[in-house]
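**Q** If you scroll down you'll find the structure; I have some questions about it.
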Amino acid sequence: MTDQQRFLSCIQENPVNRQILELAPRLGVSDWWLTAGALFQTVWNVLDGRDPGAGIRDYDLFYFGDDTSYAAEDAVIRRARQLFRDVPAEVEVRNEARVHLWYEEHFGVPAAPFTSATDAIDHFAAKTCCFGVTASRDGSLTTYAPHGYADLFARRIVPNPVLAPKNVYLAKTGRWIREWPSLTVLPWPL
């Protein structure tokens with residue numbers, strides 16, 4: 001089994017992930033990806049022999065849309081709320097083309113506009129979190145893993161100091177290590 005196959009096997013053990021990946025092609029947006037904790041935290045849970053959904057606060061679905069107005073994103077969020085109404089978890093849908101409009105106010109550092117949803121994934125605070133999965137209408141899955149799978153399967157969190165400030169990395173890893181004590185957190189580079 002390849003690392004990619006192992007990854008897909010793990011993330012599909014979480015029924016919420018399966019349900020989102022089945023429904024999301026109907027959302028009517030292009031360049032969408034299930035990402036973040038929905039994926040890497042599911043893998044950690046499977047590796048630790050826990051319930052696949054344990055400790056996952058929400059399920060992030062990124063998309064990249066040309067219309068960067070709040071109204072356009074809000075219309076997609078409302079459609080998603082209806083589409084995912086029977087999913088037993090919070091599905092957070094965001095247009096990554098809009099992130100630069102609010103990022104500095106929220107995190108204290110400016111962000112250049114992203115060029116795609118995968119570009120946004122590339123900017124997560126930890127390389128170990130940079131994963132995405134999308135599904136075609138026929139159900140076939142495509143993965144995005146710019147840093148590979150080795151650190152994920154080793155339960156090693158590696159910083160990715162390309163956008164998020166150190167305090168964001170420390171806050172996230174602090175919560176994760178409490179939830180998943182088998183993790184090893186590498187320090188933020190000086």
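The values are calculated or read from the model by the stated rules, or taken from the named source; none is laboratory data. The model shown is predicted, which means the values in this text are computed figures rather than measured ones. Neighbour counts are summed over all protein chains in view; Cβ atoms, including those assigned to glycine, are modelled from backbone coordinates with ideal geometry. Just so you know, the surface numbers come from the protein's heavy atoms only, side chains and all, with ligands and any DNA or RNA stripped out. Shrake-Rupley method; radii C 1.70, N 1.55, O 1.52, S 1.80 Å.
**Q** For segment 20-69, with every protein chain kept in place, what is the accessible area per residue (1.4 Å probe, Å²)?
**A** On the way: 1800 Å² over 50 residues.
Counting only protein heavy atoms, the per-residue value for segment 20-69 is 36 Å².
**Q** Taking each pair of distinct Cα atoms in segment 37-94 once, what is the resulting Kirkwood hydrodynamic radius in Å?
**A** Working: mean 1/r = 0.0781 Å⁻¹.
12.8 Å is the Kirkwood radius here.
**Q** Next question, about the same structure. Expected output is a single nm value to one decimal: the length gained when fully extending between Ala150 and Thr68, i.e. 0.36 nm times separation in residues minus the C-alpha distance. What is it?
**A** My answer for the length gained is 26.0 nm.
**Q** What list of ³J(HN,Hα) values in whole Hz, one per residue of segment 159-173 in order, does the Karplus curve 6.51 cos²θ - 1.76 cosθ + 1.60 (θ = phi - 60°) give from phi, with Gly and Pro shown as x?
**A** These are the phi-based 3J(HN,Hα) values: x, 10, x, 9, 8, 4, x, 3, 4, 5, 4, 5, 5, 5, 5 Hz.
**Q** For the chain, what is the mean residue ellipticity at 222 nm derived from helices alone (per DSSP H run of n ≥ 4: -39500 (n - 2.57); sum divided by total residues; nearest 500 deg cm²/dmol)?
**A** On the way: 8 runs with 76 residues, N = 190.
The helix contribution divided over the chain gives -11500 deg cm²/dmol.
**Q** Arrange the peptides 119-129, 171-181, 102-112 so that the one whose residues have, on average, the most other Cβ atoms within 10 Å appears first.
**A** Numbers: 119-129: 22.2, 171-181: 15.1, 102-112: 12.2.
Averaged packing, sorted descending, gives the order 119-129, 171-181, 102-112.
**Q** Ordering Glu96, Glu22 by accessible area with a probe of 1.4 Å, largest first, what comes out? Display every interim value, and only then the final one.
**A** Numbers: Glu96 10, Glu22 125 Å².
Per-residue accessible area, sorted high to low, gives Glu22, Glu96.
**Q** Using amide H atoms built 1.01 Å from N in the peptide plane, name the residues 5+ places from Val93, or on other chains, whose amide H lies under 5 Å from its own.
**A** Placed amide hydrogens put Leu61 under 5 Å from Val93.
**Q** Continuing with this model, one more query. Might you tell me the accessible area per residue for segment 98-143, computed with a 1.4 Å probe and given in Å²? Walk me through the numbers before you get to the answer.
**A** On the way: 2230 Å² over 46 residues.
On a per-residue basis, segment 98-143 sits at 49 Å².
**Q** Given H placed on each backbone N at 1.01 Å, which residues far from Val185 in sequence or on other chains put an amide H within less than 5 Å of it?
**A** Hits under the 5 Å cutoff: Ile157.
**Q** Percent of accessible area on segment 1-147 owned by carbon and sulfur, 1.4 Å probe? Before the final figure, lay out the partial values.
**A** Values: 3240 of 6960 Å².
Ligands and nucleic acids excluded, carbon and sulfur reach 47 percent.
**Q** In square nanometres and to one decimal, what's the mean projected area of the convex hull around the Cα atoms of segment 69-190?
**A** Working: hull surface 37.2 nm².
Orientation-averaged projected area of the Cα hull: 9.3 nm².
**Q** Let me ask you something else. Counting only the heavy atoms of the protein chains, how much of Leu27 is accessible to a 1.4 Å probe, in Å² to the nearest 10?
**A** About 10 Å², rounded to the nearest 10.
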